[in-house]
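Enquirer: One structure, as structure tokens, below. Some questions next.
What follows is calculated from the coordinates using simple rules that are stated; it is not laboratory data. As the structure is a computational prediction, the values presented were derived from the model and not from experiment. Cβ placement follows ideal geometry from the backbone for every residue including glycine, while neighbour counts extend to all protein chains displayed.
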Amino acid sequence: MRTNKLSSSLRALDEAHQRYLHDLATDIEAAHEKGREVGRDEGVTIGEAKERNLWATDKIETLIRYLTKNFGEVTPNVREKLYAIHDLDVLGQLTEAAWDCESLDEFESALRK
């Protein structure tokens, strides 16, 4: 009789241990999947930021070429200020301002605004 109780207790303990291990494995897999999702999301965010930065750089270089062609050499100060801008809308506004300007000094005034 005592052997039956002991055997039954060991079986119950083994079953509880198996459930615990299964739950633990499930939790670990869920944590890994969450980590993969976060990594993918971060990768997408970084990729989008790099793409925006590439677009900004392209707009800046095109704007500098336009200014150079129409007004002569662009000063390092103007270049530095332009490369500090990452907002594509602001760069679009500056491009339109460049089209309307009659001198590099006039563009520099628009750039300060």
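Enquirer: Using the Cα gyration tensor of the chain, with a ≥ b ≥ c the square roots of its eigenvalues, what is the shape: rounded (a/c below 1.5), prolate (a/b larger than b/c) or oblate (neither)?
Expert: On the way: a/c = 7.96, a/b = 7.47, b/c = 1.07.
Because a/c hits 1.5 or more and a/b exceeds b/c, the chain counts as prolate.
Enquirer: By how many nm would the segment from Asn53 to His86 grow when fully extended, if each residue of separation counts as 0.36 nm and the alpha-carbon distance is taken off? Don't skip to the answer; put the middle values down first.
Expert: Working: separation 33, 0.36 × 33 = 11.88 nm, distance 0.65 nm.
Length difference between fully extended and current span is 11.2 nm.
Enquirer: Using only alpha carbon positions, build the gyration tensor of segment 66-113, then give the equivalent ellipsoid semi-axes as the square roots of 5 times its eigenvalues, largest first, whole angstrom.
Expert: Working: eigenvalues 49, 32, 17 Å².
After diagonalising the Cα gyration tensor, the semi-axes are 16, 13, 9 Å.
Enquirer: Turning to a different aspect of this structure: What is the local net charge at Thr95, summed over the other residues whose Cβ is closer than 13 Å to its Cβ (Lys, Arg +1; Asp, Glu -1)?
Expert: Details: positive: Lys59, Arg65; negative: Asp58, Glu61, Asp87, Asp89, Glu96, Asp100.
Once positives and negatives cancel, what remains is -4.
Enquirer: Rounded to the nearest 0.05, what FRET efficiency do Asp100 and Asp41 have when you use their Cβ-Cβ distance and R0 = 35 Å?
Expert: Details: r = 41 Å, r/R0 = 1.18.
E(calc), rounded to 0.05, equals 0.25.
Enquirer: Continuing with this model, one more query. Got the relative contact order for the chain handy, in percent, Cα pairs under 8 Å and 6 or more residues apart? Present the calculation step by step, with values, prior to reporting the outcome.
Expert: Numbers: 37 pairs, mean separation 24.4, N = 113.
Relative contact order of the chain: 22 percent.
Enquirer: In nm, what is the difference between 0.36 nm times the number of residues separating Thr75 and Asn4 and their Cα-Cα distance? Before the final figure, lay out each step's value.
Expert: On the way: separation 71, 0.36 × 71 = 25.56 nm, distance 9.28 nm.
Result for the pair: 16.3 nm of gain on full extension.
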